[in-house]
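Take a look at the structure set out below.
The values are calculated or read from the model by the stated rules, or taken from the named source; none is laboratory data. Everything numeric in this text was worked out from a predicted model, so none of it was measured. Using ideal geometry, Cβ is built from the backbone for each residue, glycine included, and neighbour counts are taken over all protein chains shown.
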Amino acid sequence: MSNFSGKSIIILTAGILLLMVSCRKQYQATEEDMADYGWLLFENSAGRTDYDDSKSWFLSSVSDDTTYMDGYNGLGWTNGKLTDLDSSLYYFERGLNFSQSIFDTTNVKHEIWAGLCFANNAKGYDSIAIIWGDSLISVTSGLAFLPWTFSHNNINSNNIINHLDVRITLAASNFAIGRFDNSLTHLQKILSELESNTTLNSDVNTVAGRAELAVWIDSLQTELLKR
């Protein structure tokens, strides 16, 4: 799933969010405030401890409002980063029971679909991973749409999680259940978007062609981690 020199600023910001005092009135943080701070920690995370802290804020968010979709989205992603995949799947699936807040600026449902694709693939539930990944690709492809990009990428990392990561996951899951033609199609789409001069036409009906496909999946997974 670096050092942050402004940690004191973040702590101060959290204090402002949680308790703003004026001469006459005390303001309490909302579930959106707590989730926003959870995402701030998530985006600036330098390790497990930061993800643990992020998780705590998302838990507070859904405790304050048990129908807050983006809080469950945050819990799905942080538990994924903490490699607690069962909890990740639980919170993603729970979040889909609700509608996103009018104050959310991103499509929370799409982020949950992506998370479900990644988490199910990691658990070995490849058929389910394909359902969620295909759903996301189908509604965010074409001239009328911007390709999906995760809105909370880690600012300390070069890795930008986006639709290409969904495609490589779909390539791997399709390969795992023997849908080699589908796997090849996703790899070809990735190479095209990367503007690669490589033409991939593996004969997936042969053992050698499937072996070549497996090598390409591994190679492109490594390449996308650098982007």
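Just wondering, is there one or more residues in region 178-189 that are closer than 27 Å to GLY80 by Cα, out of contact with any Lys or Arg (no Cβ under 6 Å at 6 or more places or on another chain) and not in a helix (DSSP H, G or I)?
Within region 178-189, one or more residues are closer than 27 Å to GLY80 by Cα, out of contact with any Lys or Arg (no Cβ under 6 Å at 6 or more places or on another chain) and not in a helix (DSSP H, G or I).
I'd like to verify a number: residues in region 203-227 that are part of a loop (DSSP other than H, G, I, E, B), at pLDDT 90 or above and either touching a strand residue (DSSP E or B) at 6+ places or on another chain (Cβ under 7 Å) or not aliphatic (A, V, I, L, M) (or both), how many?
Counting residues in region 203-227 that are part of a loop (DSSP other than H, G, I, E, B), at pLDDT 90 or above and either touching a strand residue (DSSP E or B) at 6+ places or on another chain (Cβ under 7 Å) or not aliphatic (A, V, I, L, M) (or both) gives 3.
Does any residue in region 200-213 that is farther than 14 Å from HIS186 by Cα come within less than 8 Å, Cβ to Cβ, of a residue that is part of a loop (DSSP other than H, G, I, E, B) and among the charged types (D, E, K, R) six or more places away or on a different chain, and which pairs are these?
GLY209/ASP203
Can you go through LEU143, LEU187, LEU194, LEU200 and tell me which one is more than 15 Å from the chain's Cα centre (by Cα), of a type in the set (A, V, I, L, M, F, W, C), at pLDDT 95 or above and more than 30 Å from ASP50 (Cβ to Cβ)?
Result: LEU187 is the single residue among LEU143, LEU187, LEU194, LEU200 that is more than 15 Å from the chain's Cα centre (by Cα), of a type in the set (A, V, I, L, M, F, W, C), at pLDDT 95 or above and more than 30 Å from ASP50 (Cβ to Cβ).
Report the residue count in region 63-103 for those that are surrounded by fewer than 24 Cβ atoms within 10 Å (Cβ to Cβ) and either in contact with a His (Cβ under 9 Å, 6 or more places away or on another chain) or assigned to a helix (DSSP H, G or I) (or both).
Counting residues in region 63-103 that are surrounded by fewer than 24 Cβ atoms within 10 Å (Cβ to Cβ) and either in contact with a His (Cβ under 9 Å, 6 or more places away or on another chain) or assigned to a helix (DSSP H, G or I) (or both) gives 12.
Would you be able to say whether some residue in region 102-115 is farther than 25 Å from ILE217 by Cα and among the hydroxyl-bearing types (Ser, Thr, Tyr)?
Yes, region 102-115 contains at least one residue that is farther than 25 Å from ILE217 by Cα and among the hydroxyl-bearing types (Ser, Thr, Tyr).
Scan region 122-131 and tell me whether some residue there is over 19 Å from the mean Cα position of the chain (by Cα) and in a loop (DSSP other than H, G, I, E, B).
So far as region 122-131 goes, no, none of its residues is over 19 Å from the mean Cα position of the chain (by Cα) and in a loop (DSSP other than H, G, I, E, B).
Within region 122-161, track down each residue that is among the aromatic types (Phe, Trp, Tyr), over 16 Å from ILE190 (Cα atoms) and surrounded by 14 or more Cβ atoms within 10 Å (Cβ to Cβ).
Within region 122-161, TYR125, TRP132, PHE150 qualify.
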